[in-house]
Amino acid sequence: MLINSADTVVGDALRGMAAAHPELEVDVARQVVVRRGARDGGRVGLVSGGGSGHEPLHAGFVGPGMLSAACAGAVFTSPVPDQMLHAAGAVDAGQGVLFVVKNYTGDVLNFRMAAELAEEDGLRVETVLVDDDVAVTDSLYTAGRRGTGATLFVEKIAGAAAEEGAPLDRVAALARQVNDVSRSFGVALGSCTTPAKGSPTFDLPDGELELGVGIHGEPGRERHAMMTAREIAEVAVEAVLDDLARTHPAAGRPVLLLVNGMGATPLLELYGFHAEVAAALAARGVPVARALVGNYVTSLDMAGCSVTVCRADDELLRLWDAPVQTAALRWGR
Amino acid sequence: MRDAEFFRHWMRAAADAVEREADRLTELDSPIGDADHGANLLRGFAAVRSAVAGPEPAGTPGALLQVAGRTLIATVGGASGPLYGTLLRRTGKELGEAAEVSDEDLRAALRAGVDAVARLGGAAPGDKTMLDALVPGVEALSRSYRAAADAADGGAGATVPLRARKGRASYLGERSIGHQDPGATSAALLLGALADTAEGTA
């Protein structure tokens, strides 16, 4: 591994981020990244965060048009309430703060504690839970669906609304709408290796894959013999559209599409996979309005990919197209 | 009666136990979690060790446990931070401001702490979480500290055949069966450290 030590890996990455991106305020000790001048302009603040190891999520999405601040936890471990409180205080311009939280027990509990403390301090806080992963079918007997790729859609679209000066209630409502119409499905072709453990988290022999994985190197719902990119695309598209259709028919409606790499799958493969995903969507009468292909919501060095669709309307498309200027996502300026 | 020194000793014994068992906790967390339970608790209890050694915890058991709980929340992260932090904070609050507390006070306070953990996490015994060790452990406290530690240990072992319904392991569904829950295992360590402290063997 290209690290100094497992103990310093997050701090070292943040130091590097500070050096590469002077336009960001990086508090290495607190592990909080803040948009420079976050309080200027009197906008609603957007704070997200989660375990490290999912880069560029979340700090890579801090900047004009997206997040106001991001909190980094230890690898695959939620940040702590002190970090979120600090971030909220650093970005609140009197209009309130939206917490964007992926649905994992640790993230939910820590952000909930932070929201309670922030409100005691007189801040207005709204929280949106992202839970887009259709592989978690039986939410009654689990911690509920995981938050994965849709986090990027939520942060981009809510961030654009905040940038335009929308009030907190509106920004939160848009964030919830995006989550409501987004679905994801992930596939692992190999385990990741966490710095703390130093060996693969789970054993996945060559010639097999895991269907329905999240983003923490955990095994998925089902192991399967290796499939072609076309076959995987069929499974993923079927899964997300089936699930979406229960609440929101997708046929004929344009979608935002994210074909996401988990960290160790080259773009050569991701683009090839994207071709199959786009074809599978087209075959089901679902036009792709905008597509994004790359490593955005990763799982350290896991080989694999995920597919996220977001059923878009005119306003979501407009906000998606709005200018964004962050380390990992930038267009329109 | 137990004074602040007893609780300081308990926290040190817990930190020792976590240090000793960190690799095992991480191993248990590999097949059904994300292989960091040991590393996270190690970070948290190292901070607790310094926090309770410092001047801040006033001389009462309640204040000391609250400082330990706050320290865990501020350093561990994940689900373990808020859950263990709440356990100790709530227990500390229940003990109030008394300079010395009876074993009966501690039993009642720990029960309130465990209830707070169940409320925060929305879990119940049988969900394959730390509650599978804490609930039988606290029930057995009326017999002795050692009985509590043994019951917690038994509860942790009994999570092996369970299907996880909370936390990250729940995503594995049926495949979470056959593995001991790392959270229940660390909870048993905490009660084991309490028994060692009460017996003067820690």
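The values are calculated or read from the model by the stated rules, or taken from the named source; none is laboratory data. It should be emphasised that the depicted structure is a prediction, and the values quoted were computed from it without experimental measurement. No Cβ is skipped: glycine too gets one built from the backbone with ideal geometry, and neighbour counts run over all protein chains shown.
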Which pairs do you get when a residue that is surrounded by fewer than 22 Cβ atoms within 10 Å (Cβ to Cβ), found in the stretch A:88-107, comes within reach of a residue that is assigned to a helix (DSSP H, G or I), reach meaning Cβ atoms under 8 angstrom, with the pair 6+ apart or on two chains?
A:Gly89/A:Ala118; A:Gln95/A:Leu168; A:Gly96/A:Leu168
Wholly within the stretch A:1-60, strands (runs of 3 or more DSSP E) carrying at least 3 residues that are within 26 Å of A:Lys197 (Cα to Cα) and either of a type in the set (Lys, Arg) or touching a helix residue (DSSP H, G or I) at 6+ places or on another chain (Cβ under 9 Å) (or both):
A:45-52
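Yes/no per residue for (1) within 12 Å of chain A (Cβ to nearest Cβ); (2) among the aromatic types (Phe, Trp, Tyr); (3) in contact with a strand residue (DSSP E or B) (Cβ under 9 Å, 6 or more places away or on another chain):
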| position | (1), (2), (3) |
| --- | --- |
| B:Leu88 | no, no, no |
| B:Ser102 | no, no, yes |
| B:Asp105 | no, no, yes |
| B:Ala112 | no, no, no |
| B:Arg119 | yes, no, no |
| B:Asp127 | yes, no, no |
| B:Ala148 | no, no, no |
| B:Ala151 | no, no, no |
| B:Ala156 | no, no, no |
For the stretch A:74-83, state whether one or more residues are assigned to a strand (DSSP E or B), over 19 Å from A:Phe185 (Cα atoms) and facing chain B (nearest Cβ under 9 Å).
yes
Considering only the stretch B:152-166, state which residues are surrounded by fewer than 24 Cβ atoms within 10 Å (Cβ to Cβ) and assigned to a helix (DSSP H, G or I).
B:Asp153, B:Gly154, B:Gly157
For A:Ala20, only one of the following conditions fails: (1) of a type in the set (A, V, I, L, M); (2) closer than 23 Å to B:Asn40 by Cα; (3) over 17 Å from the mean Cα position of the chain (by Cα). What is its number?
(2)
What's the total number of residues in the stretch B:30-49 that are assigned to a helix (DSSP H, G or I), at the interface with chain A (Cβ under 9 Å from one of its Cβ atoms) and within 17 Å of A:Ala74 (Cα to Cα)?
5
With (1) modelled with pLDDT of 95 or more; (2) within 26 Å of B:Ser30 (Cβ to Cβ); (3) in contact with a His (Cβ under 9 Å, 6 or more places away or on another chain); (4) not in a helix (DSSP H, G or I) as the list, and A:Val100 as the residue in question, which single condition is left unmet?
(2)
Any idea which residue in the stretch B:100-122 is nearest to the chain's Cα centre (by Cα), counting only those that are modelled with pLDDT of 95 or more and among the small types (Gly, Ala, Ser)?
B:Gly113
Considering B:Asp196, B:Asp132, B:Asp153, which residue is under 25 Å from A:Gly51 (Cβ atoms), modelled with pLDDT of 95 or more and under 15 Å from the mean Cα position of the chain (by Cα)?
B:Asp132
Which condition number does B:Ser170 fail, the rest of (1) over 21 Å from B:Leu83 (Cα atoms); (2) in a helix (DSSP H, G or I); (3) modelled with pLDDT under 95 being met?
(1)
Might you let me know whether the stretch B:69-81 holds any residue that is within 11 Å of chain A (Cβ to nearest Cβ), within 16 Å of the chain's Cα centre (by Cα) and on the phi > 0 side of the Ramachandran plot?
yes
Is it the case that A:Gly94 is within 14 Å of another protein chain (Cβ to nearest Cβ) and assigned to a loop (DSSP other than H, G, I, E, B)?
no
Looking only at residues that are within 12 Å of chain A (Cβ to nearest Cβ) and surrounded by 20 or more Cβ atoms within 10 Å (Cβ to Cβ) in the stretch B:14-27, which one is farthest from B:Ala195 (Cα to Cα)?
B:Thr26
Checked the stretch A:174-203 for anything within 14 Å of chain B (Cβ to nearest Cβ) and closer than 24 Å to A:Pro254 by Cα; matches are A:Ser184, A:Phe185, A:Gly186
Taking the stretch A:174-217 and keeping only residues that are closer than 30 Å to A:Ala162 by Cα and of a type in the set (Ser, Thr, Tyr), one is left with A:Ser182, A:Ser184
Which one of these does A:Pro64 not meet: (1) farther than 23 Å from A:Gly214 by Cα; (2) over 18 Å from the mean Cα position of the chain (by Cα); (3) surrounded by fewer than 24 Cβ atoms within 10 Å (Cβ to Cβ); (4) at pLDDT 95 or above?
(2)
Qualifying residue in the stretch B:90-98 (condition: surrounded by fewer than 21 Cβ atoms within 10 Å (Cβ to Cβ), more than 15 Å from B:Met11 (Cα to Cα), in contact with a Leu (Cβ under 9 Å, 6 or more places away or on another chain) and more than 14 Å from chain A (Cβ to nearest Cβ))
yes
Which one is surrounded by the most Cβ atoms within 10 Å (Cβ to Cβ), of the residues in the stretch B:28-49 that are of a type in the set (Gly, Ala, Ser) and modelled with pLDDT of 95 or more?
B:Gly44
Among the listed residues A:Val171, A:Val136, identify the single one that is hydrophobic (A, V, I, L, M, F, W, C), in a loop (DSSP other than H, G, I, E, B) and within 29 Å of A:Arg290 (Cα to Cα).
A:Val136
Filter the stretch A:186-227 down to residues that are outside any loop (DSSP other than H, G, I, E, B) and surrounded by 18 or more Cβ atoms within 10 Å (Cβ to Cβ) and give me whichever is farthest from the chain's Cα centre (by Cα).
A:Leu209
Looking only at the stretch A:313-325, decide whether some residue is under 28 Å from A:Leu189 (Cβ atoms) and surrounded by fewer than 20 Cβ atoms within 10 Å (Cβ to Cβ).
no
Would you confirm whether or not the stretch B:167-176 contains a residue that is of a type in the set (A, V, I, L, M, F, W, C), within 14 Å of chain A (Cβ to nearest Cβ) and either surrounded by 24 or more Cβ atoms within 10 Å (Cβ to Cβ) or without any contact (Cβ under 8 Å) to a residue 60 or more places away in the chain (or both)?
yes
